[in-house]
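**Student:** After the structure tokens below, expect a handful of questions from me.
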Amino acid sequence: MEKGKFSLKNLSIKNLSIQSSIFMYFTVTAIIAIALISLIIFQRFTNSLNATIIEENSGIVGQLGESVDSYLRNAMKVSDSIYYNVIKNTDISNDDIKRGMNLIYVNNDNMIDDIALISGKGELIESMPALRLKDNSNVLEKDFFKKSMAESEYINFSMPHIRDLFDRNESSYSWVISLSRAVEVTDEGKATQALLLINLNYMYFEEIFSNVNLGNGGYVYLTNDSGDIIWHPKQNEIYSGRFKEDNKYAATLKDGITVENLGGKNITLNVRTIGYTGWKLVGVTPSAALGVDGIKFRFFVLFVADLFLFLLAMINAFISDKISNPIKRLDGSVREIESGNLDVEIVPSGSYEVEHLGKSIKNMLGRIKVLMSDLVAEHNAKRKSEFDTLQSQINPHFLYNTLDIIVWMIENENSDKAVNIVTALAKFFRISLSKGKNIITVKDEVEHVRNYLMIQNMRFKNRFEYSIDVDEEVLSYSSLKLMLQPLVENAIYHGMEFMDGDGEIDVKVFKEDDSLYFTITDNGLGMSEDMVETLLSKDFVPSKKGSGIGVKNVNERIKLYFGSEYGLKVESEPDEGTKITIHLPAVVYGENDEDR
Amino acid sequence: MKTDKIYIWIIWFVSIILLFVISQTNLILKEETPRVYQVSLILDGEDESKYANLKKGVDDAAKKYNIDINLITLNNINQKTLIESEEENGADGIIVLAKNDLKINLIKSPVVVLKSKDTDVFDTAKIGSANPSINISKRTINIDYTDMIERLYTAFEEKYDGSSPVYVFVNDLNLAGVSKETDFLKSKQSSNIILVEGDEKEFRTAIEDLVHSKKSAFIFSLDKKSTENICKILGGSSVYKEHIHGFYCIGATTFFLNKLSEGSIDAIATLNEYDEGYSAVEMLMADLKKTNYMTNIDMENMLVDKESLENEDIIKQLFPID
């Protein structure tokens, strides 16, 4: 991967280093885990907060409901008190009514604006404080009058209205809720129907409701059973169309808590019915929020998240570093090896697997070095052998001597023999060269030594006899070039030198199982064991006039080409003779042999 | 590569510090503390009691928008001078019930003018050549006094006998809409109109003259002060009422509505003053906060008679809950 060059390809996971991969996977996993946990906790917290708020609000609404209920019952008790303790069975002309009403009025003037006793004919009997009915007020037509007289057993509560029945301060007005009930009065001994009217101070509701805080902008309002607003913190705005409330809908709900989606927002409605009147107290709470308004809070959340991420990233970087460094070092070492530096130091470290990997690579490197060294040595040996062999392919001494013989024969008019020697020499050199091949057929190798022996025999004036015995079947088998000739040469120069015509050199070639054997036997001087060892260990060249290839060279070349299990065996006894056995694999000569 | 990584760590660390400073200190981000706006409400007369509903609307809106209202009545100072002095005193915004002769020129603070519909209170000549850097806000709430007098006149026509004199009482012809109303009445009853400008004294003289001449009349009162004076005079003796066949007023107060209820006044042309005050504050706030700008408003008028006082909707508009 080319460093410094940005491309999308570089971003793929395959191109990431192990440290980056570990860092990335750890961090992403941790982020996801933290995010999920945070979400769950937040959800749980929000739900819990919601539930707490709802519960608290429910309690508040409940208490308010009881307050309103208590207020209304109190008002009813006041009306009962006036009726049963003051009015009933007391003649209306009696001042006791006035005194009784005054006492009750004074004791309850925080909740009562005025009390009036109105006859069935719509005339004011008594009032507290002292009031006068408006001239044009037709009491008999008023709804509250008609309803109360019709439902004499009930106490009626009106909707809020302007107190307009009586003369009042002309420059002011007040809103009241009227409690009205039919009562029986005694007028000059006769029982007649009348109406008891108590105007309740509307500001009571303002006092108890306006300071209610249901949290998160929540509020309460009061409606009648039909949903008409009795009190609402924003009633003026509602009447002027600036604010909308789903009061009609809320009044249809049963007591309890309902979560509704109104106007696109989740709202909790807490409804409580006020006993006698059927009025509905409705608590409205928008969905609980953690109070996350405020841009600073959001930045704070970002800060906390960023800090945690930073710490997380640092820890992940440390961990991934710790894990990946030994691998990186190992990778660096392998790159060095790749570039050819086999002397690089490998220090296995890190986790168990990485350390084991390092050790294995170190061992492999050692083995590679050894193998390479062996290969080099083998290569060098081969090269040397080939060089020696190459050198020997054209031996000037042998050539000069042979040419001398040819000249001598021609001079002595022994042309037939001369032709034979020339022919033999030509064949000898042809096979010696063999177009540069190192592996030739057994037939050629035997022919080569045959020609050599013939020439040498003539040269040494038949000082020795020779025989070549080759199994027909092995002629097509593979043989190493220049293998027999150096051994025969050795036999001639070492063994035949002091012979007087009774020297014998026998060459045999035969096959036994999968092996091919060449034996060169002579009845020459033989060698001691030391000499045999020397023969195979040193580059012993018996004569400068020979091929120049030693027995050791032949042995080495055999092993090089065919393997260490093949080679030469020398058996010799001083004054008895020497037998050299060549062991080769029995391989039929093929095209591939020219490569060897 | 390693150097790049170090830079990333450094930048990240700096971002944490930055977020901390932003969220926990006031060095970079100062969280807005709820601001209390100072707004002056300048009336067109000396008596603030005649504007109770307007003030309720202004007060309710002020609660919503966190505004401190400074109510100013006219005490022999002209409105233009008052506006300029309030601006100098640091008022964030001004609401003014414009008299006809008010001409506002260059002013930096946002201003909302409650005025007669066809009257231009902005000195366009001066404003036209204003320094563009001065932000001139020209918001108005328009009251169609012509429409008011037309409605009132319709109610009057139903009862008018065709020959009785029509007395028109005004306290100040410069009050918004008064001149248009008088022009309208003159155009309708040119031969029967008797215009009386003045105070209680002048009005009382006119009414007593009526009584002494044993005539009856219909009366229009074109401003609240005049209506109050008339009501006081009529309330002083039932004799006066006998000579008044119809009493028609522009503008409502609780007192007038009570008189309407008892029958002393036959009809009142008015508007929802609570809504008027509330809208004026909303309009001003839009200018102050430079968001959700409102277009100028034309208020809707209503004609109120005794029967309509039975209407709950009208009651709620005319008697807003405290």
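**Student:** So what are the ³J(HN,Hα) numbers for region A:200-208, from phi and the Karplus equation (6.51, -1.76, 1.60; θ = phi - 60°), rounded to whole Hz, Gly and Pro as x?
**Tutor:** 8, 5, 5, 5, 3, 5, 4, 5, 7
**Student:** Please list A:His397, A:His583 from largest to smallest accessible area, probe radius 1.4 Å, with all protein chains kept in place.
**Tutor:** A:His397, A:His583
**Student:** Can you give the FRET efficiency to the nearest 0.05 for A:Glu206 and B:Ser190, using r as the Cβ-Cβ distance and R₀ = 60 Å?
**Tutor:** That gives a FRET efficiency of 0.70.
**Student:** Right, here's the next one. Which GluC sites (Glu not before Pro) in region A:289-384 pass both tests, a DSSP loop state and at most 11 other beta-carbon atoms within 10 Å?
**Tutor:** Numbers: sites: A:Glu336, A:Glu338, A:Glu345, A:Glu353, A:Glu355, A:Glu378; in loops: A:Glu345.
Passing sites in region A:289-384 are A:Glu345.
**Student:** Where the Cα atoms of region A:435-514 are projected onto their three principal axes, how long is each span, largest first, in whole Å?
**Tutor:** Its Cα atoms span 38, 29, 17 Å along the three principal axes.
**Student:** For chain B, set up a GNM with springs between Cα atoms under 10 Å and report which of B:Ile42, B:Ile250, B:Ile17 has the largest fluctuation.
**Tutor:** Between B:Ile42, B:Ile250, B:Ile17, it is B:Ile17 that shows the largest mean-square fluctuation.
**Student:** Follow-up question, since we're still on this one. May I ask you to order B:279-288, A:315-324 by the average number of other C-beta atoms within 10 Å around their residues, highest value first? Let's see the in-between values first.
**Tutor:** Details: B:279-288: 22.7, A:315-324: 15.8.
My ranking of the peptides, most packed first, is B:279-288, A:315-324.
**Student:** Can you sort B:Arg151, A:Arg163 by solvent-accessible area, 1.4 Å probe, largest first?
**Tutor:** Reading off the accessible areas and sorting them downward yields B:Arg151, A:Arg163.
**Student:** Whose amide H sits under 5 Å from the amide H of B:Leu195, counting only residues 5 or more places off or on another chain, with H placed in the peptide plane?
**Tutor:** B:Val168
**Student:** Hey, another quick one. Which peptide among B:201-213, A:76-88, B:86-98 comes first, and what is the full order, when sorted by highest mean count of other Cβ atoms within 10 Å? Before the final figure, lay out the partial values.
**Tutor:** Numbers: B:201-213: 15.7, A:76-88: 17.5, B:86-98: 20.2.
Packing order, densest peptide first, comes out as B:86-98, A:76-88, B:201-213.
**Student:** How big is chain A by Rg and Dmax over its Cα atoms, in Å?
**Tutor:** Cα-based Rg and Dmax for chain A come out at 65.4, 200 Å.
**Student:** Calculate the spin-label point distance for B:His212 paired with A:Asp109, positioning each point 7 Å from the Cα along the beta-carbon direction, and give it in nanometres.
**Tutor:** Going by the 7 Å Cα→Cβ label model, 4.7 nm.
**Student:** Of A:Lys142/B:Lys232; A:Lys134/B:Lys50; B:Lys108/B:Lys225; A:Lys134/B:Lys225; A:Lys121/B:Lys50, which ones are farther than 28 Å apart at the Cα?
**Tutor:** Working: A:Lys142/B:Lys232 30 Å; A:Lys134/B:Lys50 24 Å; B:Lys108/B:Lys225 33 Å; A:Lys134/B:Lys225 25 Å; A:Lys121/B:Lys50 38 Å.
Exceeds cut-off: A:Lys142/B:Lys232; B:Lys108/B:Lys225; A:Lys121/B:Lys50.
**Student:** Find the relative contact order for chain A and round it to a whole percent, using C-alpha pairs within less than 8 Å whose residues are 6+ positions apart.
**Tutor:** Values: 866 pairs, mean separation 52.2, N = 596.
Rounded, it is 9 percent for chain A.
**Student:** How high is the relative contact order of region B:164-322, in percent, counting Cα pairs under 8 Å that sit 6 or more residues apart?
**Tutor:** Numbers: 218 pairs, mean separation 29.3, N = 159.
Result for region B:164-322 is 18 percent.
**Student:** If you count only protein heavy atoms and use a 1.4 Å probe, how large is the accessible surface of A:Leu311, to the nearest 10 Å²?
**Tutor:** 80
**Student:** Another question, if that's okay. For A:Glu355 and A:Leu302, FRET efficiency with R0 = 35 Å and r from the beta-carbon atoms, rounded to 0.05?
**Tutor:** Calculated value: 0.20.
**Student:** Mind checking the full-extension length gain between A:Ser373 and A:Met159? Use 0.36 nm per residue of separation minus the Cα-Cα distance, one decimal, nm. Could you put the intermediate results ahead of the total?
**Tutor:** Details: separation 214, 0.36 × 214 = 77.04 nm, distance 11.38 nm.
Between A:Ser373 and A:Met159, full extension yields an extra 65.7 nm.
**Student:** Using modelled amide H (1.01 Å from N, peptide plane; none on Pro or chain starts), what sits under 5 Å from the amide H of A:Ser127, excluding residues fewer than 5 places away?
**Tutor:** Counting only residues 5 or more places away or on other chains, the set is A:Leu117.
**Student:** Using the scaling law 2.2 N^0.38 Å as the reference, what is the normalised Cα Rg of chain B? Provide the component values of the computation, followed by the final result.
**Tutor:** On the way: Rg = 26.3 Å, N = 322, 2.2 N^0.38 = 19.7 Å.
Normalised Rg, Cα atoms only: 1.33.
**Student:** Around A:Phe428, with a cut-off of 14 angstrom between Cβ atoms, what is the net charge of the other residues, counting Lys and Arg +1 and Asp and Glu -1?
**Tutor:** Net charge in that neighbourhood comes out at +1.
**Student:** If you don't mind, there's one more thing I want to ask. How high is the relative contact order of chain B, in percent, counting Cα pairs under 8 Å that sit 6 or more residues apart?
**Tutor:** The normalised contact order for chain B reaches 18 percent.
**Student:** Moving on to the next point. Full-extension gain between A:Asn15 and A:Met531, please, as 0.36 nm times their residue separation minus the C-alpha to C-alpha distance.
**Tutor:** Numbers: separation 516, 0.36 × 516 = 185.76 nm, distance 6.72 nm.
In short, 179.0 nm is gained.
**Student:** What share of the DSSP beta bridges in chain B is antiparallel, in percent to the nearest 5?
**Tutor:** In chain B, approximately 10 percent of DSSP beta bridges are antiparallel ones.
**Student:** Here's something else I'd like to know. If N is the number of residues in region B:51-130, what value comes out of its Cα radius of gyration divided by 2.2 N^0.38 Å?
**Tutor:** 1.14
**Student:** Now for a separate question. Once you put a point 7 Å from the Cα of A:Asp343 and another 7 Å from the Cα of B:Ile8, both along the Cβ direction, what distance in nm separates them?
**Tutor:** The two pseudo-label positions are separated by 3.9 nm.
**Student:** Can you list residues from other chains, or at least 5 along the same chain, whose modelled amide H is less than 5 Å from the amide H of A:Leu516?
**Tutor:** Distant-sequence amide H within range of A:Leu516: A:Leu584, A:Ala586.
**Student:** Still on this model: Run the numbers for A:Phe243 and A:Ile257: contour at 0.36 nm per residue of separation, minus the present Cα-Cα distance, in nm.
**Tutor:** Extra length from A:Phe243 to A:Ile257 when fully extended: 2.7 nm.
**Student:** Give, as a single signed number, the net charge of other residues whose beta carbon lies under 10 Å from the beta carbon of A:Thr521, with Lys and Arg counted +1 and Asp and Glu -1.
**Tutor:** -2
**Student:** Also, quick follow-up: Report, to the nearest 10°, how far helix B:224-236 tilts away from the longest principal axis of the Cα atoms in chain B, using its own Cα long axis and a range of 0 to 90°.
**Tutor:** 40
**Student:** For A:Asn138 and B:Lys241, what is the calculated FRET efficiency with R₀ set at 22 Å and r taken between the beta-carbons, to the nearest 0.05? Before the final figure, lay out the partial values.
**Tutor:** Numbers: r = 21 Å, r/R0 = 0.94.
So, using R0 = 22 Å, E works out to roughly 0.60.
**Student:** Provide the solvent-accessible area of B:Lys180, counting protein heavy atoms only and rolling a 1.4 Å probe, rounded to the nearest 10 Å².
**Tutor:** Accessible area, nearest 10 Å²: 70 Å².
**Student:** Follow-up. Shielding of A:229-235 by partners, i.e. mean partner chain Cβ atoms within 10 Å per residue?
**Tutor:** Partner-chain Cβ atoms within 10 Å, mean over residues of A:229-235: 1.
**Student:** Quick check on the protein assembly as shown: helices-only [θ] at 222 nm, where DSSP H runs of length 4 and up contribute -39,500 (n - 2.57) each and the sum goes over total residues. Nearest 500, please.
**Tutor:** Result for the protein assembly as shown: -15000 deg cm²/dmol, rounded to the nearest 500.
**Student:** Follow-up question, since we're still on this one. Count, for each residue of A:242-250, the Cβ atoms from other chains sitting within 10 Å of its Cβ, then give me the mean as a whole number.
**Tutor:** Values: counts 7, 0, 0, 0, 0, 0, 0, 0, 0.
Counting Cβ atoms of other protein chains within 10 Å of each residue's Cβ and averaging gives 1.
**Student:** Work out the length of the dipole vector of region B:94-247 about its Cα centre, built from +1 on the beta-carbon of each Lys and Arg and -1 on the beta-carbon of each Asp and Glu, and round it to the nearest 20 debye.
**Tutor:** Values: 21 positive and 22 negative charges, 98 e Å.
My answer is approximately 480 debye.
**Student:** Now, a different point. With all protein chains present, calculate the accessible area of A:Thr277 using a 1.4 Å probe and round the result to the nearest 10 Å².
**Tutor:** 30
**Student:** Which whole-Hz ³J(HN,Hα) couplings does region B:48-65 yield from phi under the Karplus relation 6.51 cos²θ - 1.76 cosθ + 1.60, θ = phi - 60°, glycine and proline marked x?
**Tutor:** In residue order, the calculated couplings are 6, 5, 7, 10, 4, 5, 4, 5, 5, x, 5, 5, 4, 5, 4, 4, 5, 9 Hz.
**Student:** Could you sort B:Ser23, A:Ser48 by accessible area so the largest value comes first, with the probe set to 1.4 Å?
**Tutor:** Order by accessible area, largest first: A:Ser48, B:Ser23.
The values are calculated or read from the model by the stated rules, or taken from the named source; none is laboratory data. In this text, all values refer to a predicted model and were calculated from it rather than measured experimentally. Virtual Cβ from ideal backbone geometry, glycine too; neighbours counted across all protein chains shown. We work out accessible area using only protein heavy atoms, side chains counted, and drop any ligands, DNA or RNA first. Shrake-Rupley method; radii C 1.70, N 1.55, O 1.52, S 1.80 Å.
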